[in-house]
Amino acid sequence: MNRPVEGLSPNGLLEASDGNLYGDTHGGGPLGGGTVYEITTGGTLLRSAPLSNTTGYGSYSALIQASDGKLYGTANGGSSAYALETVVSSS
């Protein structure tokens, strides 16, 4: 596991179909653009990653899980300095 990444202003948690909890934050982290993270229902952090210009930064809402099983969220910006909203998804 990588070193945990901290974030500010959490947007809520989603219990996904795999039984784990996923969340994102609007700000904080090493790049200042927020973080996305996965934890168990027992509170163990499994992974976390900073949001960036490449992934989308400054998320505005909690993640959702679509029927395809992927997690989706919205972010303030992304690969373009003029992006108003970016939709980010898991692989």
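If we scan the range 49-70, do we find a residue that is assigned to a strand (DSSP E or B) and acidic (D, E)?
Let us first name the residues in the range 49-70 that are assigned to a strand (DSSP E or B), namely 49-50, 57-59, 64-65.
If we keep only those that are acidic (D, E) as well, we get none.
No, that holds for no residue.
Give the residue that is farthest from A75 (Cα to Cα), with candidates limited to residues of the range 22-53 that are crowded, with 20+ Cβ neighbours inside 10 Å and not hydroxyl-bearing (S, T, Y). I'd like the intermediate steps shown before the answer.
Taking the range 22-53 first, the residues crowded, with 20+ Cβ neighbours inside 10 Å are 22-26, 29, 33-37, 48, 51.
Subsequent filtering for residues that are not hydroxyl-bearing (S, T, Y) retains 23-24, 26, 29, 33-34, 36, 51.
Numbers: G23: 13, D24: 10, H26: 8, G29: 15, G33: 9, G34: 10, V36: 11, L51: 9 Å.
Once the filter is applied, the top-ranked residue is G29.
So which residues in the range 30-48 are part of a loop (DSSP other than H, G, I, E, B) and under 19 Å from L14 (Cβ atoms), if there are any at all? Explain how you work it out, then say what you get.
We begin by selecting, within the range 30-48, every residue part of a loop (DSSP other than H, G, I, E, B); these are 30-32, 34, 40-44.
The answer is G34, T40, T41, G42, G43, T44.
Please identify the pairs in which a residue from the range 60-76 that is closer than 15 Å to L13 by Cα and open to solvent by 60 Å² or more (accessible area, probe 1.4 Å) has its Cβ atom under 7 Å from the Cβ atom of a residue that is at pLDDT 80 or above and of a type in the set (F, W, Y), counting only partners at least 6 apart or on another chain.
Every condition considered, the pairs that remain are I64/Y72.
Taking only pairs six or more apart or across chains, which ones have beta-carbon atoms under 7 Å, a first residue in the range 25-49 that is charged (D, E, K, R), and a second residue that is outside any strand (DSSP E or B)?
From residues that are charged (D, E, K, R), the pairs are E38/N20; R47/M1; R47/N2.
Just a yes or no: is a residue in the range 4-17 at pLDDT 80 or above and hydroxyl-bearing (S, T, Y)?
Keep residues of the range 4-17 that are at pLDDT 80 or above, which gives 7-17.
Remaining after also requiring hydroxyl-bearing (S, T, Y): 9, 17.
Yes; the residues of the range 4-17 include at least one that is at pLDDT 80 or above and hydroxyl-bearing (S, T, Y).
The values are calculated or read from the model by the stated rules, or taken from the named source; none is laboratory data. All values derive from a computational prediction rather than experimental measurement. Glycine gets a Cβ as well: all are built from the backbone with ideal geometry, and neighbour counts include every protein chain shown. Side chains are part of the model used for accessible areas, which takes the heavy atoms of the whole protein and leaves out ligands, DNA and RNA. Shrake-Rupley method; radii C 1.70, N 1.55, O 1.52, S 1.80 Å.
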